[in-house]
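To start, the structure under review is shown below, and the notes come after it.
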Amino acid sequence: MTQNLFGWSDQAWQTLDQFGILFGDLMLLISIGGLVYGLYKRNDIRQWLTRNRFPSIGGRPELSRWQGLIFTVSRANVPAWVIDQIQPEAVGLLLTDSSQGEGEQIKAQARQIGAKVVIRHIDNPDDPAEVKQKTAEIVREMQESGISPIAVDVTGGKTPMSLGAFMAAEEASIDTLYVTAAYKDNKLDMASANIIAISQAGAHG
């Protein structure tokens, strides 16, 4: 009579063999389930895999490349200056109740240079989720109109607005900007203003 490996009984080896078959079947089912889920959610998975992949953070971007600009608005002076510098084909404005009047000034300037204007009203400027959603809506509308590349300027508005707009830009893999300027007589001195990049998405289509 041949002795089993490790001296284990036939019953022990049969139990182990059955466990191995069961484990293999479970792994096959998990693999099939993962494949089905991956096919069904492939866009979400692709977006998750490609997030936070900005090759460049900070720096002075090439201003001439953007066809679309989106602004979180508090005052009109900064967006007006940026529009004058870049001359975009489309301008998106995220406005609150308190910035409606400023938004009208920006809209008038944008239309003077022939730019399309897309506006979304922010009901709660302290809710970054609302700002993120409405920024994404403007991005999609611009892209559907063939506007690309696009940048989001997060200089204006309350901090939650800037954060929400930044998150939308990150998910859409588009640039985010910030305008720096010195203060003179308690006002922004736009003669000292500079556009800097927060994140640059790299390749543009």
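The values are calculated or read from the model by the stated rules, or taken from the named source; none is laboratory data. In this text the structure is predicted, and so the values were computed from the model without any measurement. Cβ sites come from the backbone with ideal geometry, for glycine too, and all protein chains shown count toward neighbours. These area figures cover heavy atoms from the full protein model, side chains too; ligands, DNA and RNA do not enter into them. Shrake-Rupley method; radii C 1.70, N 1.55, O 1.52, S 1.80 Å.
Below, the figures for the structure above:
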quantity: Hits in the stretch 163-185 (condition: open to solvent by 20 Å² or more (accessible area, probe 1.4 Å) and in contact with a strand residue (DSSP E or B) (Cβ under 6 Å, 6 or more places away or on another chain)); calculated: 166, 178, 180, 181, 182
quantity: Check on residue 74, in contact with a strand residue (DSSP E or B) (Cβ under 9 Å, 6 or more places away or on another chain), modelled with pLDDT under 95 and outside any helix (DSSP H, G or I); calculated: no
quantity: All positions within the stretch 169-202 that are more than 19 Å from residue 86 (Cα to Cα) and modelled with pLDDT under 85; calculated: 182, 183, 184, 185, 186, 187, 188
quantity: Any hit, the stretch 104-119, residues being closer than 23 Å to residue 200 by Cβ and either of a type outside the set (Ser, Thr, Tyr) or at pLDDT below 95 (or both); calculated: yes
quantity: Residue among 59, 38 that alone is at pLDDT below 75 and part of a loop (DSSP other than H, G, I, E, B); calculated: 59
quantity: Selection count, the stretch 157-200, where residues are among the small types (Gly, Ala, Ser), in contact (Cβ under 8 Å) with a residue 60 or more places away in the chain and in contact with a Pro (Cβ under 7 Å, 6 or more places away or on another chain); calculated: 2
quantity: Cross-chain or 6+ apart pairs with Cβ under 7 Å, the stretch 125-142 first and farther than 14 Å from residue 71 by Cα, then surrounded by fewer than 23 Cβ atoms within 10 Å (Cβ to Cβ) and among the basic types (Lys, Arg); calculated: 126/158
quantity: Residue match in the stretch 136-145 (condition: under 14 Å from residue 83 (Cβ atoms) and either buried (at least 20 other Cβ atoms within 10 Å of the Cβ) or modelled with pLDDT of 95 or more (or both)); calculated: no
